[in-house]
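For reference, the structure discussed in these notes is given below.
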Amino acid sequence: MIEIKRVDALAGFQPSDIAAVLVGGFAEDFAYFSKNQETLARAFAHMIIPERFYVALVDGVPAAIASLTEADQECFTPDRSEFQRHLGTWHGLISYFIVRTQFLGAFKGARPGLAEIGFVTTAPQYQGRGVATELMKHLLALPFDEFVLRDIKDTNVAALSLYRKLGFSESDSRPARFTKRAGFSRYVSMNRKAA
C-alpha cells in the first residue's frame, strides 16, 4: 500500500530517513560529496525542510520523495558546520558551497500559484513499482495553477517519460557543462498547467 504524506506530518519523522531516500536515488549525482551513502545521508539530513518535502510510504517505509516549493521558497537550509562535521573540513566546505550554488534559488518565473517540484526520486529497491507516479499524482492534485520541473538530465528517460505521461511538456533546456564527464548533454525543464 502506498501512502503519501508531507514530511512534517509524519509520526516519528527522522530527517535521516528522508535523506537516505534522497541520496539513494541520486547516488551517482551525489558521488562527489561521498560514495558512502550513510555518511552522505547524515550530512544531508540537517538541511531538509520537512514542510517542503512529500514522501511516498510503502507499508510505512519511505520509498520515494519530492520537494514542492512555491514562489521564492527553498527546500534546503544547508549549514556549513554540519557538512564539515560529516565530510571533513575542506571537503565539507566545498560541498556546502556546491549545495548553496546548485541546490538553492527559485525558478526564474517563480510566483505565487506556481509550484516547483524537485528532487523527485525513488529508493532503488522500490523503483519500477509506480511509487513515484503515485507521489506525482498527489502533488499535481494540490491547489496550484501551474507546476514546474527543472534541470532533468536528458538521459533520464524514465523520469521524462513519466512527466510527459502526467501532462508535462518541455519548456526549456540548457546545455550541460563538461558533457563527456557528466554523461549527458543537456538539462530539460518542463511545465504543466493545473487541470
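The values are calculated or read from the model by the stated rules, or taken from the named source; none is laboratory data. Because the structure is a prediction, the values reported are computed rather than measured. As a convention, Cβ positions derive from the backbone with ideal geometry for all residues, glycine included, and neighbour counts pool all protein chains shown. Heads up: the accessible areas ignore ligands, DNA and RNA and are worked out on the full protein's heavy atoms, side chains in. Shrake-Rupley method; radii C 1.70, N 1.55, O 1.52, S 1.80 Å.
Brief remarks follow.
- Residue in the stretch 174-187 that is over 19 Å from Ala43 (Cα atoms), open to solvent by 70 Å² or more (accessible area, probe 1.4 Å) and in contact (Cβ under 8 Å) with a residue 24 or more places away in the chain present: yes
- Scanning the stretch 9-45 for residues that are assigned to a loop (DSSP other than H, G, I, E, B) and either of a type in the set (S, T, N, Q) or under 13 Å from the mean Cα position of the chain (by Cα) (or both) yields Gln14, Phe26, Ala27, Asp29, Phe30, Ser34, Asn36.
- Hits in the stretch 145-168 (condition: open to solvent by 60 Å² or more (accessible area, probe 1.4 Å) and at pLDDT 90 or above): Asp145, Arg150, Ser161, Arg164, Lys165
- Qualifying residue in the stretch 156-165 (condition: closer than 24 Å to Gln37 by Cβ and assigned to a loop (DSSP other than H, G, I, E, B)): yes
- Residue in the stretch 19-40 that is in contact with a Leu (Cβ under 8 Å, 6 or more places away or on another chain), basic (Lys, Arg) and either buried (at least 16 other Cβ atoms within 10 Å of the Cβ) or more than 19 Å from Leu135 (Cα to Cα) (or both) present: no
- Flag for Val55 being without any contact (Cβ under 8 Å) to a residue 24 or more places away in the chain, surrounded by 21 or more Cβ atoms within 10 Å (Cβ to Cβ) and either aromatic (Phe, Trp, Tyr) or closer than 26 Å to Lys153 by Cα (or both): no
- Among the residues making up the stretch 112-147, those that are among the hydroxyl-bearing types (Ser, Thr, Tyr) and in contact with a Gly (Cβ under 9 Å, 6 or more places away or on another chain) are Thr121, Thr122.
- The helices (runs of 4 or more DSSP H) located wholly in the stretch 75-144 that include 2 or more residues which are open to solvent by 40 Å² or more (accessible area, probe 1.4 Å) and out of contact with any strand residue (DSSP E or B) (no Cβ under 7 Å at 6 or more places or on another chain) occupy 80-87, 89-102.
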